[in-house]
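Below you'll find the structure, written out as structure tokens, and then a few comments.
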Amino acid sequence: MLRISKRTDLTKKQYIQLRLAAVIMALFTSGIFILIMGQNPAAIYFAMLQGAFGSFYGLRETIIMTIPLVITSLGISTAFKMKFWNIGAEGQIYMGAFAASYFALNHHDMPKPFLLLVMAAASIAGGGLWALIPGFFKARFGTNETLFTLMMNYIAIKWITYLQYGPWKDPNAKGFPIIAAFKETAILPGFMGIHIGLIIALALVALMHIFMYHTKKGYEISVIGESENTARYAGMNVKKIIVAAILLSGGLCGLAGMIQASGVHGTLSVDVSGGIGYTAIITTWLGQLSPALIMLVSFLFAALVQGGSYIQTVFQIPQAAASILQGMILFFVLGSEFFIQYKINFKKEGI
Amino acid sequence: MNRQTYIQLQNITKSFGTVVANSKIDLSVHKGEIHALLGENGSGKSTLMNVLSGIYTPDSGSIIIDGREVCFKSPADSIAMGIGMVHQHFKLVEVLSAKENIIIGQKGNFFINQKRLSEQIGKLARKLGLDIDPDKKVYNMSVGEKQTVEILKVLYRGAEILILDEPTAVLTPQETQKLFDIMRKMREMGCAVIIITHKLNEVMEISDRITVLRKGEAVATLDKSATNINELTELMVGRPVDLSIKRLENQKKETILKVSNLTLVDDDNVKVLQNVSFDLSKGEILGVAGVAGSGQKELCEAIAGLYEVYSGDIRYEGESLVGKTPREIIKKGVSMSFIPEDRLGMGLVASMDIVDNLLLKDYQNHKGFLIDRKPLKEKAEQLVKRLDIKTPGVNHPVKQLSGGNIQKVLLGRELDSNPHLLITAYPVRGLDIGASYTIYDLLNEQKAKDVAILYIGEDLDVLMELCDRIMVLCNGEITGIVDAAKVTKEELGLMMAGVCLEKIKGGSSYA
């Protein structure tokens with residue numbers, strides 16, 4: 001007989017063991033798949049590590065990919081903490097990038113530090129307001145925020161596509177549907193090829209940690225996430241806090257959009273996010289809404305992606321196969337969540 | 001009386017994680033007997049009955065029904081053996097009729113012969129002397145009627161062993177008497193009835209034999225005729241307990257709270273409180289009696305600023321509270337501790353530890369953005385010591401504490417804020433006897449400090465002993481405000497059922 005019950009007594013050690021077991025099983029299962037493809041699993045895994053960390057170039061790419069993941073995850077975690085299921089980070093990234101790009105394209109004659117600050121502020125406002133629309137409807141009419149934020153993503157993506165193919169198309173691009181590259185004043189400075197977003201991300205992790213665990217607002221957000229009734233009972237202004245938290249959530253996602261446009265792509269395009277908003281949901285969840293863990297998980301996730309793209313070129317395996325490996329590892333790690341939440345008791349028949 | 005042993009539980013042990021809920025319990029129940037299972041909360045009564053009804057599988061031990069050893073894998077197996085359990089919280093589909101609820105989940109023909117079914121149920125009901133309309137929808141029923149449906153449901157399935165889990169908690173004294181009549185009828189029919197309860201007077205009234213559980217062990221099985229309330233209490237608690245509550249005389253008559261013509265409506269525009277007027281003085285305990293859901297919760301919430309006032313006024317120290325935010329009301333010294341049925345719905349954050357829960361009423365007094373948890377940690381440790389809260393530590397999530405300990409955290413925090421007006425609803429809900437008396441003492445301590453207390457209670461005996469006056473609510477209306485020292489339990493019961501005080505006093509048959 002098989003019985004499933006909720007765990008209450010998981011120790012740190014068991015937690016780590018379960019997570020490790022998941023990774024090992026993922027590697028084992030993926031290994032079978034790699035063998036079927038006619039490759040040596042050990043070699044592939046080694047190459048993935050090498051691709052992600054083994055060279056300066058690889059490490060740099062991993063870090064650059066980590067930056068938007070961390071910032072977006074921090075944004076999502078603020079909403080998730082409140083049990084507001086913000087699936088709309090992707091759209092908020094685009095709208096943040098859009099707002100920043102407006103200033104980058106039209107006001108590039110401003111002094112560089114000033115312009116960058118304006119762009120950052122605009123992106124936070126853009127992403128925040130984009131998240132506030134579903135937030136408002138949820139507060140006012142009780143709409144489902146999961147679907148609403150998801151739908152807002154498509155609107156945002158199509159809006160950027162429209163700009164790229166229409167009014168913002170670069171007339172000097174010989175007919176290619178691209179938006180003009182940002183001028184130098186609108187590009188984030190960097191060091192050894194890593195833009196300053198790294199510093200921003202690290203600072204945000206520290207700030208969000210303090211915000212979540214040591215400020216009144218952070219405390220209020222956690223209470224509301226647990227029970228709105230309790231929050232009301234304690235005399236909190238629930239609606240105001242929800243609005244503020246959603247603005248913060250969308251704002252951080254929007255900032256990630258500005259960093260991608262200004263620090264990585266050098267302009268606005270429909271590829272500015274490329275799914276970061278969705279990937280960040282996974283890293284947020286795996287990071288258990290804790291800023292420090294989110295940073296770690298985002299880094300590992302970026303390494304997984306970077307390693308995956310490296311083996312594509314080195315072993316000449318198709319991109320789809322690399323994606324399958326990533327998928328399998330994710331599957332097991334997310335699957336281990338079940339064993340962390342619940343335990344399974346086996347019992348012999350007849351007592 | 002038939003002395004044949006019907007149910008025999010031998011050596012039942014059941015543990016959840018490290019907590020042993022039942023430890024080597026033996027229990028035997030005869031045919032044609034009402035057997036009371038007595039014990040404080042957390043003593044393992046419900047667990048044991050859930051084992052018997054197939055919801056839990058015991059870790060070890062055996063169940064023998066009618067001489068045959070059985071092994072239940074699911075509640076269906078237990079129903080097949082003629083065991084039926086009526087749970088504390090009814091499991092009925094509100095929009096269906098009584099008879100539809102009765103046949104729900106039954107294997108049968110694809111088509112239902114409505115007429116025959118009504119006849120069958122009617123016959124069964126008559127046999128037990130039950131008064132029920134098989135076609136009445138559940139949402140139109142009173143609590144007592146719902147319970148009748150629950151009982152019929154298990155009997156219709158052929159149950160000969162009926163388990164009732166705290167059946168009287170939601171009933172008025174009159175409804176309780178009706179239930180007891182049904183139980184006696186079933187005893188005559190040769191059924192075995194097991195009643196789980198912690199109310200001693202009921203045990204003495206209805207049961208034939210009593211098994212007392214304490215901390216997961218069966219302490220004793222006694223014949224009712226050979227025992228008394230004091231002995232049972234001692235067995236239950238493990239030490240002698242003084243069962244009297246002292247009432248402090250209230251000298252002052254200075255009104256602190258004045259509610260006039262208060263009417264509240266819910267989301268569907270139904271009046272949940274209608275024209276309620278009363279006042280409360282400093283150093284007075286005003287009890288509120290009423291069947292669950294008579295508007296007590298809404299009244300508390302309205303005073304605390306959590307429920308929008310439709311019409312009428314609430315004046316606190318001469319100032320209207322209507323339209324004030326909960327925060328402003330808290331600042332004025334009004335404190336509310338509402339213990340909901342699940343204990344955690346309001347007032348505490350389940351996944352947070354004691355420190356963070358103390359923070360809930362305190363954090364807005366901190367200066368600046370940041371929160372300083374250090375002084376609260378000390379406060380939490382003091383609270384744990386003072387109220388004897390059982391927890392692995394102050395940083396342990398409160399949802400993992402037992403119900404009684406959760407309540408101590410909540411009440412402790414509210415008392416700590418030195419309120420002038422304390423609203424407390426069901427503060428002893430689910431607490432063991434010892435802890436309940438600690439709470440009554442705490443309330444009396446507050447009363448001595450001139451705190452005005454609005455006490456929403458369940459146990460009429462306690463209300464009559466502890467309070468200065470008792471206000472009775474029925475369907476959102478006041479049916480009477482009486483002097484607690486002079487009223488009788490029967491009068492309170494009639495008022496809870498909706499008979500106005502004037503009528504009771506007027507009609508000589510009741511007075």
Using all Cα-Cα distances in chain B, what percent lands in each 10 angstrom bin from 0 up to the longest? 4, 17, 26, 26, 18, 8, 1, 0
Excluding residues fewer than 8 positions from B:LYS377 in its own chain, the lysines with Cα under 17 Å of it are A:LYS216, B:LYS361, B:LYS385, B:LYS390, B:LYS408
Note the buried accessible area between B and A here, summed over both chains, with a 1.4 Å probe, in Å² to the nearest 100. 2600 Å²
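Please state, to two decimals, what the Cα-based radius of gyration of the protein assembly as shown comes to when divided by 2.2 N^0.38 Å (N = residues). Don't skip to the end; give the middle numbers.
Working: Rg = 32.8 Å, N = 862, 2.2 N^0.38 = 28.7 Å.
With N residues counted in the protein assembly as shown, Rg over 2.2 N^0.38 Å equals 1.14.
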Peptide ranges B:380-389, B:315-324 listed from the most packed, as the mean C-beta count within 10 angstrom indicates: B:380-389, B:315-324
Delta accessible area of at least 50 Å² on complex formation, residues of region A:203-229, 1.4 Å probe, chain isolated as reference: A:HIS214, A:LYS216, A:TYR219, A:GLU226
Could you give the dipole magnitude of region B:44-194 about its Cα centre, charging the beta-carbon of Lys and Arg +1 and that of Asp and Glu -1, in debye to the nearest 20? 420 debye
If you build a Gaussian network model of chain A, linking Cα atoms that sit under 10 Å apart, which residue out of A:VAL70, A:VAL243, A:VAL314 swings the most? A:VAL314
Compute the separation of the alpha-carbon centres of region A:52-110 and region A:285-340 and state it in Å as a whole number. 18 Å
With an 8 Å cut-off on Cα pairs and a minimum separation of 6 or more residues, tell me the relative contact order of chain B in percent. 15 percent
Using a 1.4 angstrom probe on the protein heavy atoms only, could you order A:LYS169, B:LYS449 from most to least accessible area? B:LYS449, A:LYS169
Of all DSSP beta bridges having both residues in region B:5-237, the percent classed as antiparallel (nearest 5) is 55 percent
Do you know the relative contact order of region B:5-237, to the nearest whole percent, from alpha carbon pairs under 8 angstrom that are 6+ apart? 30 percent
Taking the C-alpha atoms of region A:66-298, convex hull volume expressed per residue in Å³: 116 Å³
By the Cα gyration tensor axes a ≥ b ≥ c (a/c under 1.5 gives rounded; else a/b larger than b/c gives prolate, otherwise oblate), the shape of region B:5-237 is prolate
Please tell me the relative contact order of region B:275-384 in percent, rounded to the nearest whole number, where contacts are Cα pairs under 8 Å and at least six residues apart. 14 percent
Would you please put B:290-297, A:85-92, A:179-186 in order of how densely packed they are, using the mean number of other Cβ atoms within 10 angstrom per residue and starting with the highest? A:85-92, B:290-297, A:179-186
Cα gyration tensor of region B:180-301, axes a ≥ b ≥ c as square roots of the eigenvalues: rounded (a/c below 1.5), prolate (a/b > b/c) or oblate? oblate
Dipole magnitude of the protein assembly as shown, debye to nearest 20 (Cβ charges: Lys/Arg +1, Asp/Glu -1, about Cα centre): 1420 debye
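How large is the dipole of region A:66-298 about the Cα centre if only Lys and Arg carry +1 and Asp and Glu carry -1, each at its Cβ, rounded to the nearest 20 debye?
Rounded to the nearest 20 debye, it is 420 debye.
Could you check what % of the DSSP bridge pairs in the protein assembly as shown are antiparallel, to the nearest 5?
Among the beta bridges of the protein assembly as shown, antiparallel pairing accounts for roughly 60 percent.
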Mean accessible surface per residue for region A:194-351, computed with a 1.4 Å probe while every protein chain stays in place, in Å²: 41 Å²
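Give me the percent of accessible area attributable to carbon and sulfur for chain A, probe 1.4 angstrom.
Percent of accessible area from carbon and sulfur atoms in chain A: 71.
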Cα centroid separation - region A:183-248 against region B:130-195, whole Å: 55 Å
Roughly how many whole Å is it from the C-alpha centroid of region B:205-248 to that of region B:433-511? 25 Å
If I require 18 Å or longer along the helix axis, counting alpha carbons, and a Kyte-Doolittle average no lower than -0.5, what helices from chain A are left? Use full DSSP H segments. A:12-36, A:56-81, A:89-106, A:112-141, A:145-165, A:197-214, A:238-259, A:291-315, A:319-341
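The values are calculated or read from the model by the stated rules, or taken from the named source; none is laboratory data. The shown structure was predicted, so the numbers you read here are calculated from the model rather than taken from an experiment. No Cβ is skipped: glycine too gets one built from the backbone with ideal geometry, and neighbour counts run over all protein chains shown. To get the accessible areas, we keep the full protein, side chains included, count just its heavy atoms, and leave off ligands, DNA and RNA. Shrake-Rupley method; radii C 1.70, N 1.55, O 1.52, S 1.80 Å.
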